[in-house]
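**Q** Attaching a single structure in structure tokens format; questions to follow.
The values are calculated or read from the model by the stated rules, or taken from the named source; none is laboratory data. All values derive from a computational prediction rather than experimental measurement. All Cβ positions, even for glycine, are placed from backbone atoms using ideal geometry, and neighbour counts span all protein chains on display. Please note that ligands, DNA and RNA were not included when accessible areas were found on the heavy atoms of the full protein model with its side chains. Shrake-Rupley method; radii C 1.70, N 1.55, O 1.52, S 1.80 Å.
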Amino acid sequence: MQLQANSGRRLGRLIACAGSLGVMACAAGAVAAEPVAPGVSSFSRVDVILAGSISARCDLAGGGDIDFGELVGNQTARARVALDCNVPFDLSFQSARGGLAHTALPAGEGPYSGTLDYTLDVSVPVIGPRRSTLHGRYESRSLMSRKTLGSGEAIAAGHAQIEIRTGTPLGAGLLAGRYSETLTITVASRL
């Protein structure tokens, strides 16, 4: 109803103006005098809200074989494990055999030992809020039960450095044969 009344007044103004002032001046006045439609507001400020997201990611890569060659004890091997976590994480380690173990006789035979212990040293660079490095040190026998190195509230900032140092053979030395161990490293996000 209100729109019809306004339309009628606008038409009347246009006709009246056309006769006295000229069509161009009158049309400009009619547009300027046009009322704002009901429910439409004018603002001096408009907020635009922007949003997005990043998916949580926690990946581990690397691994492979480390061959100590002839096991004489007190040997060191180093490896890098790629760690990509954009959330706080737990890095866990677990030993399958509790040391480098003889494939057939891990308990040894006679005076000869069948298992060679090792020590695992781990260093992981992290950020949160400052850069720092997490450290962990584990004996191979204790790794039969999973051990976990937590990042607190920090996120990963590069590769984890792993160092494995073999111990000294016990008794008369190591039994002849092949030795092996599987060290499992897992990562889990804490979100």
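**Q** Expressed as a whole percentage, what fraction of the accessible surface of the stretch 58-191 belongs to carbon and sulfur atoms when a 1.4 Å probe is rolled over the protein heavy atoms?
**A** For the stretch 58-191, the apolar C and S fraction of the accessible surface comes to 49 percent.
**Q** Work out, in µm²/s and without decimals, the Stokes-Einstein translational diffusion coefficient of the stretch 48-191 at 10 °C, 1.306 mPa s, Rh from Kirkwood over C-alpha pairs.
**A** 95
**Q** So, for the stretch 89-184, what is the accessible surface per residue at a probe of 1.4 Å, expressed in square angstrom?
**A** The answer is 52 Å² per residue.
**Q** For labels at ALA96 and SER55 in the simple 7 Å Cα→Cβ model, what's the distance in nm?
**A** Between ALA96 and SER55, the label points sit 3.1 nm apart.
**Q** Additional query: So the label point goes 7 Å from the Cα of THR184 along Cα→C-beta, right? Which residues of the stretch 84-98 then have their backbone N under 12 Å from it?
**A** From the stretch 84-98, the list is 92-97.
**Q** Also, quick follow-up: Under the 0.36 nm per residue contour assumption, what length would be gained going from the current alpha-carbon distance of LEU191 and THR119 to full extension?
**A** Working it through step by step, the gained length comes to 22.9 nm.
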